[in-house]
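Scroll down for the structure; my scribbles are underneath it.
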Amino acid sequence: MNERKPAYAPRLSRRAMLAGTAAALCTGALLSRAAWGQSVSRIIVPFPAGGPADYMGRLLSEKLKDAMGRTVIVDNRPGAGTRVAAEFLKNAPADGTTVLLAPVDPMFIGPLIYSNMRFNPATDFTALTDVTGIQFGIAVSASSPIKTLADFVKAARAKPADYSIGISTVGTLLHFLAEEFVSQSHTGSTLVPYRGGSAMATEMMGNQIAAGMDAITTFTELHRGGKLRVLAVAGEKRADALPDVPTFAESGFPNLVTSSRYLLYVRANTPPDTATQWYQAVRKVLAKPDVREKLARAGYDILPGGTSDEVARYASALSARWTPVIKASGFKGD
């Protein structure tokens, strides 16, 4: 049905149009700043409450209240390998009141393995800074006769069916690191996916599976408590939390060197002054000795702190290292 056109449609001069546009932009900026000044800030954590990532998020939120002079809460949005949380950020206003605390690797792995991504990490988000480093490791039950990574490789080569390796997630950097370990070690071990590190660790302690691979935040306290034994970590150096545990490189696998980081993301086009306030506040909080000690104790590596440009370069390099491996695996998460 055709709409009826008005009998008179006044024409605006170019000067009037520009003035109106400028006024609208100024009004929008003022409204954005007003929203920022009045709203509660929200840190989205893509994992369940009670886990290591939740602990980190709540530690940050508590300290950021003072650093930013505003209420900062944690909002847990687990599911779909961090995609649920990322979609929530994409649909949030770009006013800086909502940020995402998430590992960097799902951001470049997702587009490689999912065909139905409802966001584009490269254009929808901006990483403000890095928060902590994530080391990955392989562990066994403390009651296992396996004492070293060499022991595991030898035993698994002899009886692959008896030496399956649990992994806490699929379609992540951890998953592809585990595949690389099986390939390079020639063990023939089967990878067994679990729904999270806690369930896997429970079965490891009960000797229901021979070994498990995960971020060492899953293993750190259990290793210290004599319930699990971490055999090796995959970082360039030994983990801050587990200085007694050698790296894969030290254990005979010089090409198995990788780690990840938690980054703090905002929506693209967040006002620069708001993004700067987040950056400065987070760096101030992460410089506090008590915060650093608590994060290290939980199993995170402490980082010197990168700018947005620096973490973008880091993410690009990590993607370049692993994209060929992921593509060659043929894995699809759909």
For this session: Could you check, for segment 94-113, whether at least one of its residues is of a type in the set (Asp, Glu), under 27 Å from Thr274 (Cα atoms) and in contact with a Phe, Trp or Tyr (Cβ under 6 Å, 6 or more places away or on another chain)?
Result: yes
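Being outside any helix (DSSP H, G or I), more than 16 Å from Val230 (Cα to Cα), in the same structural domain as Lys227 (by TED's automatic domain parsing) and modelled with pLDDT under 95 narrows it down to one residue among Val192, Val170; which is it?
Values: Val192 fails: modelled with pLDDT under 95.
Val170 is the lone residue from the list that is outside any helix (DSSP H, G or I), more than 16 Å from Val230 (Cα to Cα), in the same structural domain as Lys227 (by TED's automatic domain parsing) and modelled with pLDDT under 95.
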Problem set entry | Selection from segment 244-271 of residues that are within 23 Å of the chain's Cα centre (by Cα) and surrounded by fewer than 18 Cβ atoms within 10 Å (Cβ to Cβ) | Asn255, Val257, Ala268, Asn269
Exercise. Is one or more of the residues making up segment 20-39 modelled with pLDDT of 95 or more, within 23 Å of Gln280 (Cβ to Cβ) and surrounded by 13 or more Cβ atoms within 10 Å (Cβ to Cβ)?
Worked result: no
Problem set entry | Scan of segment 66-82 for residues that are closer than 18 Å to Ala215 by Cβ and not small (Gly, Ala, Ser), ordered by number | Asn76, Pro78, Thr82
Problem set entry | Within segment 147-168, tally of residues that are crowded, with 20+ Cβ neighbours inside 10 Å and in contact with a Lys or Arg (Cβ under 9 Å, 6 or more places away or on another chain) | 2
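In this structure, does Val182 turn out to be crowded, with 16+ Cβ neighbours inside 10 Å and in a loop (DSSP other than H, G, I, E, B)? Talk me through it step by step, then tell me what you get.
On the way: crowded, with 16+ Cβ neighbours inside 10 Å: yes; in a loop (DSSP other than H, G, I, E, B): no.
Judged against the criteria, Val182 is not a match.
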Seminar exercise, completed: Residues of segment 64-91 being crowded, with 17+ Cβ neighbours inside 10 Å, more than 29 Å from Leu174 (Cα to Cα) and not β-branched (Val, Ile, Thr), in sequence order, are Leu64, Ala67, Met68, Arg70
For this session: Give me a count of the residues in segment 184-212 that are closer than 14 Å to Asp162 by Cα and in contact with a helix residue (DSSP H, G or I) (Cβ under 9 Å, 6 or more places away or on another chain).
Result: 12
Exercise. Just a yes or no: is a residue in segment 204-220 surrounded by fewer than 21 Cβ atoms within 10 Å (Cβ to Cβ) and among the acidic types (Asp, Glu)?
Worked result: no
Seminar exercise, completed: For segment 281-312, the count of residues that are in a helix (DSSP H, G or I), without any contact (Cβ under 8 Å) to a residue 40 or more places away in the chain and over 13 Å from Leu263 (Cα atoms) equals 4
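The values are calculated or read from the model by the stated rules, or taken from the named source; none is laboratory data. Small disclaimer: the values here were computed from a predicted structure and weren't measured. Virtual Cβ from ideal backbone geometry, glycine too; neighbours counted across all protein chains shown.
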